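Encoded as structure tokens, the structure appears first; notes follow it.
Where a number appears in this text, it was derived from the coordinates with a stated rule and is not lab data. Since the model is a prediction, treat every value here as computed from it, not as a measurement. Counting neighbours? That spans all protein chains shown, and the Cβs are built from the backbone with ideal geometry, glycine included.
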Amino acid sequence: MNKLRIALLYGGLSSEREISIKSGTAVERALKSLNLTYRVFDPAEGTEFIKKITEYKPDLAFIALHGKTGEDGIIQGVLEFLGIRYTGSDLKTSAICMDKSLTKDILKSKGIIVPESVTINNPDQIDKINLSYPVVVKPNSEGSSIGVSIVENKDQLEEAVKTVLQLDNKAVIEKYIKGREITVGIINGEPLDIIEIKVKKGFYDYYNKYLSQETRYICPARIEDSLYKYIQNTALKIYNILGCRGVARVDFILAQDKPYFLEVNTIPGLTDHSLIPKAAAVKGIDFENLILKIIKGALNEDG
């Protein structure tokens, strides 16, 4: 392991660049603490990035990129072309999971409960939507709750859709499900304890994720045992249906004892506010060992 050469990738070109840098610097501290050999690379450098990483000849790329070009299969495709192993899900799974609408269609066909929704690519299509308010409007291919809003009427919906279509070529309009926000992290095919997220105001948006000091995280979530296991098993089923690898996080709304699938994150955050490190800590896995598990999983040394 000490001879392993790791290329740590963070930064990137997406709207989540700032979060990626926070995740990446946290991983970098862990790699230093573990005395592993690494070098940092930023794909935002384009052809210079390709030149540098090719010259470095890493044994493994640790991907700490979030959002477009990092989590959607693009960087995975580049690394596969260069013959470099990498952490996380493969090109195909990454591309599917970044597409919220496609992911939900696949999972719904496999019996997973998902909120009723419509996907549009033009504001003119709003008149054809037959969902009762309130609804959630979100970009089809963004993370960190960027561009997400809850709207109460048609005027708000029109504004929200216009905003989303400036960020993405598709807007997902989803029936709002009132319930408990929960999430299940999975490491190398093993579910972690469920986290319940409680915000003081609104929902678990960008502010409440990364800036607020008042967001509360309850882990293990206070859920009856059989339902708890069912939710963990559902998250693992989703992970396997989509072909996820390494670390992933599956988000749900729990309403009337039904877990409604919201989305899956194939490169979850690794910041001091992030959920995977919180859930891992409950299992007695500190941050350095979490990073080591991710590396070993990518090298097929940890099931």
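Numbers for the structure displayed
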| item | result |
| --- | --- |
| Top of Gly77, Gly179, Gly46 by mean-square fluctuation, Gaussian network on the chain, Cα under 10 Å | Gly46 |
| Anchor Lys51: aspartates and glutamates whose Cα lies under 19 Å away (excluding residues fewer than 8 positions away in-chain) | Asp42, Asp59, Glu80 |
| Amide hydrogen neighbours beyond the local backbone of Ser15, cut-off 5 Å, H modeled | Lys68 |
| In the stretch 91-152, trypsin sites (Lys or Arg not before Pro) in a DSSP loop with at most 15 other beta-carbon atoms within 10 Å | Lys110 |
| Cα-based helix-to-principal-axis angle, 154-167 vs the chain, degrees rounded to 10 | 20 degrees |
| The chain: most fluctuating residue of Phe287, Phe41, Phe81 per GNM, C-alpha cutoff 10 Å | Phe81 |
| Calculated FRET efficiency for the pair Lys296/Asn233, C-beta based, R₀ 30 Å, to 0.05 | 0.80 |
| Residue-averaged 222 nm ellipticity for the chain, from DSSP H runs of 4+ at -39500 (n - 2.57), nearest 500 | -11000 deg cm²/dmol |
| Length-normalised contact order for the stretch 1-131 - Cα pairs under 8 Å, 6+ apart - percent | 24 percent |
| The stretch 116-175: relative contact order as a whole-number percent, Cα under 8 Å and 6+ apart | 49 percent |
| Karplus-derived 3J(HN,Hα), 6.51/-1.76/1.60, for each residue of the stretch 130-139, Hz, glycine and proline x | 10, 10, 7, 7, x, 10, 9, 10, 8, x |
| Under-5 Å amide H pairs with Val247, H placed in peptide plane, nonlocal only | Gly88, Asn188 |
| In Hz, Karplus ³J(HN,Hα) per residue of the stretch 86-95 (6.51, -1.76, 1.60; θ = phi - 60°; x = Gly, Pro) | 8, 7, x, 6, 6, 4, 5, 4, 4, 5 |
| When each of Lys200/Lys237; Lys104/Lys237; Lys100/Lys175; Lys3/Lys52; Lys128/Lys154 is checked by Cα-Cα distance, pairs over 22 Å | Lys200/Lys237 |
| Whole-number percent relative contact order across the chain, with pairs defined as alpha carbons under 8 Å at least 6 apart | 19 percent |
| Karplus (6.51, -1.76, 1.60) ³J(HN,Hα), θ = phi - 60°, over the stretch 221-229, in Hz, Gly and Pro reported as x | 5, 7, 9, 3, 3, 5, 5, 4, 5 |
